[in-house]
Amino acid sequence: MLWSSGDMGVETGLRFVSNLVWKPDGTELAFDSSHQSACSQYDSDVYSIRADGSHLRRIPNKPYCGENTDLPTGTVEVTFWNYSGYSSPFVVYFEGAPAPQSYAIPNGTSLTVTFQNVLDYGDKTQWGVAIMGMYRFLAMDGGADVIPGQTVKISLTMGLGYRSWSHHDSTWSHDGTQMAFVFGTDTNPYGIPDDDRTIGAFGSHLLQSSSDSLSLPMNSRYLAYGPTEALSNKLLYAGYNPFIGDGGDHIYLATEGQMEPGEVLVNSTDLNGFGFKGLDWLPDGSGFVFSMEEEFTHKANLYHYSFATGQSTRLTDYPTGTWTRELSVSPDGTQIVYELQTEGENWYDNPPMDLYIMNLDGTGEKRLLVENGRSPEWGIPQLIPDVPNNPVPGLAGLNPSSAKVGGAGFTLTASGSNFVSGAVLRWNGADLPTTYVNATTLTAQVPAEKITSAGSANVTVFNPTPGGGESGSKTFTISENVAGGLSHTLYLALIRR
């Protein structure tokens, strides 16, 4: 296990980790996580962790909750005025505080909460939040500039609750110098330099603002930087724009810094689809693979888009009640690993998932033996350990090397060289139940039915992959069981008369 969220003490709802993505040099794995949603303004944030499981960090919205820093601290008193229409217990938090708190605040009442040891982020406003399930209550009057060693008092009016107030769908630039992500349902993705360690840094928009606010799609997601140097300033993403064509979901290819949302490559309605559930580049940049809902969200299948043809090819044909979701393409571009959901319809209901793998042409589908596996991300080549090939075995001798017809089953011992765990003895090409003793010795059980007639058998040793192979053969002789015993001679005495 590389990392676990642990126990944050106060729950706000379902915890999830999604959208795993390796930094191109293999030193860090970025992911979206809601494990600190109780002590953040956001439902989820983008984190990264080193390949050895160390140095967890929050990328935008630093530092993460409870992180040790040298920043000075102050005290903040927040009076929460509840006009939300809800009276359930609320989790309350102020940005920079070491931990969240939980209180009942009946609708139409107020409660003052004191947050001590609040980190001072410098000359900037820090914000309070009240949380109930998937709703977050924020307000323009709910912020303050923390003053070290002093107490600041503010009010936060809880009115309309926000959902999907999160950082998500992160992606590294081709050279690993920048992280991009989507905020909430914002139309414009954000980017933040990887070396920006500024406290509270949020990043900046990657596409230029336009006077026509309707030009950018809504609910941008599945953001992915181009995988090659030639495509390093390209952004592939999905989004919904009701003002383009028939208003379906689209996949765009944009250039970082441009004014418009980019070229529409795929329109879901052109494929009789509805919305997208996953998206990943082919490593050489020749196309991409995507998951798309069909039958008004009642199922989803995988497609391959080729830039050369400008066409999308359907790869799977799953029935109603089955959905393909997040996916990842192998580093050599030949295989796809993906989530497959066969129960429920709403991802937030936390339905069980399986991980499947198949070839890029849609053949060779296999289920991976991972219980409820999610958010697959293929390892990059420099992180995949080199597994040495097994040697070809050498067979030197058999003991015994012969048997009589009709004899009982017996244990056959093979001696030789380069035997590996998993090696098997083969009798005329058929595997025998084999026990690995060491690199020079194997034993196998030979049943009586193998020696029911005279003749011979070819015995070999087979080492499994990677590498491996079959040894030269030795002959095992099966001879007739010739009857033997005492010799009797009859003498006839002749008597002359």
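The values are calculated or read from the model by the stated rules, or taken from the named source; none is laboratory data. Every value quoted in this text rests on a predicted model; they were computed, and no experiment measured them. Ideal geometry is used to build each Cβ from the backbone, glycine not excepted, and the neighbour counts take in all protein chains shown.
Here are the numbers for this structure:
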| item | result |
| --- | --- |
| Residue that is surrounded by 13 or more Cβ atoms within 10 Å (Cβ to Cβ), among the charged types (D, E, K, R) and at pLDDT 90 or above, where the choices are GLU345, GLU365 | GLU365 |
| So ALA230, is it hydrophobic (A, V, I, L, M, F, W, C), modelled with pLDDT of 90 or more and surrounded by fewer than 17 Cβ atoms within 10 Å (Cβ to Cβ) | yes |
| Qualifying residue in segment 389-408 (condition: under 30 Å from GLY176 (Cβ atoms) and modelled with pLDDT under 95) | no |
| Segment 263-288, residues that are within 16 Å of ASP169 (Cβ to Cβ) and either touching a residue at least 40 places away in the same chain (Cβ under 8 Å) or of a type in the set (Ser, Thr, Tyr) (or both) | PHE276, LYS277, GLY278, LEU279, ASP280, TRP281, PHE288 |
| Criterion: touching a residue at least 60 places away in the same chain (Cβ under 8 Å), hydroxyl-bearing (Ser, Thr, Tyr), on the phi < 0 side of the Ramachandran plot and not assigned by TED's automatic domain parsing to the domain that holds VAL113 - qualifying residue of SER34, SER54 | SER34 |
| Filtered residues of segment 416-432 (kept if touching a residue at least 24 places away in the same chain (Cβ under 8 Å) and assigned to a loop (DSSP other than H, G, I, E, B)) | ASN418, PHE419, VAL420, GLY422, ALA423, ASN428, GLY429 |
| Selection from segment 427-446 of residues that are within 15 Å of GLY409 (Cα to Cα) and surrounded by 13 or more Cβ atoms within 10 Å (Cβ to Cβ) | TRP427, LEU432, THR434, THR443, ALA444, GLN445, VAL446 |
